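Nothing in this text is a laboratory measurement; each read-out follows from the coordinates by a stated rule. Source: prediction; values computed, not measured. Cβ atoms come from the backbone with ideal geometry, glycine included; neighbour counts cover every protein chain shown.
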Amino acid sequence: RGAHAVATETAALAANARHAEPALVDGRVGVVVAPRGRLLFVLTVVVREDRIAAFDVIADPDRLRRLRLAVL
C-alpha cells in the first residue's frame, strides 16, 4: 500500500518490462507479460481520480488460464 510500495514493486517488475504489452484483461485495461510467447504474468490496474490506486499481479497458472485476454 502507498506510493513507495507501488514504486518498489514496479522496480522489481522492470526486468520484464520489455515483454509487456497492453491488453484487455477480463474486459478491463491491463498488461500482459509473455516473453517468447509464454504468458508469465498479468498486471491489472485500478484507476481512481486519474491516478493508479492499485494493481494486482497475477502469476498463478490456474488464475491465468481463467482470464479472458485480448492484446490491444
What spacing in nm lies between the two simple spin-label points modelled at Leu72 and His4, each 7 Å away from Cα in the Cβ direction?
3.1
How big is the chain in terms of Cα radius of gyration and Dmax, in angstroms?
12.2, 35
CD proxy at 222 nm, helix term only [per DSSP H run n ≥ 4: -39500 (n - 2.57); per residue of the chain; nearest 500]
-6500 deg cm²/dmol
On a 0 to 90° scale, report how tilted helix 3-13 is relative to the longest principal axis of the chain, with both axes built from alpha carbons and the result rounded to the nearest 10.
30
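Students often check this: by mean Cβ neighbours within 10 Å, which of 65-71, 29-35, 17-23 ranks highest, and how do the rest follow? Provide the component values of the computation, followed by the final result.
On the way: 65-71: 10.6, 29-35: 18.0, 17-23: 13.3.
Final packing ranking: 29-35, 17-23, 65-71.
Find how much the distance from Ala59 to Arg18 grows on full extension, using 0.36 nm per residue of separation minus their present alpha carbon separation; answer in nm with one decimal. Before the final figure, lay out the partial values.
On the way: separation 41, 0.36 × 41 = 14.76 nm, distance 1.73 nm.
Separation in residues times 0.36 nm, less the Cα-Cα distance, equals 13.0 nm.
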Long-range amide H contacts for Leu40: which residues qualify at under 5 Å (H placed 1.01 Å from N, peptide plane, sequence gap of 5 or more or a different chain)?
Val33, Ala34
